[in-house]
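The values are calculated or read from the model by the stated rules, or taken from the named source; none is laboratory data. Everything quoted here is computed from the prediction, not taken from an experiment. Glycine also receives a Cβ, built like all others from the backbone with ideal geometry; neighbour counts cover every protein chain displayed. Side chains are part of the model used for accessible areas, which takes the heavy atoms of the whole protein and leaves out ligands, DNA and RNA. Shrake-Rupley method; radii C 1.70, N 1.55, O 1.52, S 1.80 Å.
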Amino acid sequence: MAIKLNIAPKIIPSISSGYNNPNKIFMEYIDNSLDSAEYYFDSSANSYTKPIEITLKLKGENDENAEVEITDNCRGIDKIEKVVNSIGNSDKKSQMFTNGQFGYGIHSFMATCNSLEVISKFFNRPEALYLPVKREQFNVDSSDEVYFPDPQIVDFPFESGTIIKLTEFDKGSWKEIDFNEIKKEINEHFELLLSRSNLTIKLEEQYGNEFYCEPFDYDSIEGEEIFEETTRLERTSSRGNFPVTSYFELDTPIKTYIKITDKKVINKPPLFFIKGRAIGKVGDIFKKSKHISDIWKHPNITGYIDLSHHIEPTIVRT
């Protein structure tokens, strides 16, 4: 039985157009792998219970023969048909430490290429399933006009996991894909998650170059450190002529880490993080702060504010 779409088809390419940097698109697929790996994470040890391996490979020389492949050995996709029939309603949004909220991320490929192939084996299933998706399928007016074939059974190299293949890149888009920028994006975006043990995120390009992503080493820089954990938030509002203050106890603390470097300028401003993912520079968000220049944008100050799960991402993770 064919799989049907349950959302207005043209809205998906429209949302994907919000990804104006093609190198950021690949963060969505690595993010999905990390969400899938959360099943194996032991927070008390800050380690996964099995070696987690996520690999991003760049292949080809031009738009016609280019291919990006993201492979992981994580838990896999439980119901692969949800890739297309549950867009806008991800079942990960109820999970505290996974980042997926909308089910749109896997379709971010539409911003730069036409073809997505998904191969996944769920951890307790005997076979892997294959499902292809084309951007051109969404160029119709009604969801009744969009059908996807039944997933096919295929071979898979791991006991569980997912393989994503992106091909048929738009004219001129492959020139914008930059190996070094992807490295930078992964190291910055997933900085806090990269500090976990038993996790490997590797990049490969067709000429044999490999790069293993690593968290930023704050200990390698001399300077003063400040660390705080916030377990209660305070809100003051005015009711008539009297201010009213209320308090909120947090189940998971907000962690603030600041390092003031000795003389050495590193130009790595403090970042906000949600669920281990960077969402932006503190100085860009605290635009009205009196301390923009002397703290949040000072060249000798670095660190992060980890908001845990106490704020939700936008659709394009900005």
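Summary table below
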read-out: Residues that are open to solvent by 30 Å² or more (accessible area, probe 1.4 Å), outside any loop (DSSP other than H, G, I, E, B) and under 25 Å from Ala45 (Cα atoms), drawn from region 145-188; value: Asn187, Glu188
read-out: Members of region 278-302 that are in contact with a helix residue (DSSP H, G or I) (Cβ under 9 Å, 6 or more places away or on another chain), in a loop (DSSP other than H, G, I, E, B) and of a type in the set (D, E, K, R); value: Lys297
read-out: Selection from region 283-303 of residues that are more than 16 Å from Ile226 (Cα to Cα) and crowded, with 18+ Cβ neighbours inside 10 Å; value: Gly283, Lys297
read-out: Single unsatisfied condition, Val265 versus (1) open to solvent by 40 Å² or more (accessible area, probe 1.4 Å); (2) closer than 25 Å to Asp31 by Cβ; (3) touching a residue at least 24 places away in the same chain (Cβ under 8 Å); value: (2)
read-out: Residues being farther than 20 Å from Leu166 by Cα and surrounded by fewer than 21 Cβ atoms within 10 Å (Cβ to Cβ) - total across region 39-64; value: 13
read-out: Residue check, Ser142 surrounded by 14 or more Cβ atoms within 10 Å (Cβ to Cβ) and either touching a residue at least 24 places away in the same chain (Cβ under 8 Å) or of a type outside the set (Asp, Glu) (or both); value: no
read-out: Count of residues meeting criterion [closer than 26 Å to Asn20 by Cβ and at pLDDT below 95] in region 193-210; value: 2
read-out: Condition check for Gln137: at pLDDT below 90, surrounded by 16 or more Cβ atoms within 10 Å (Cβ to Cβ) and touching an Asp or Glu at 6+ places or on another chain (Cβ under 7 Å); value: no
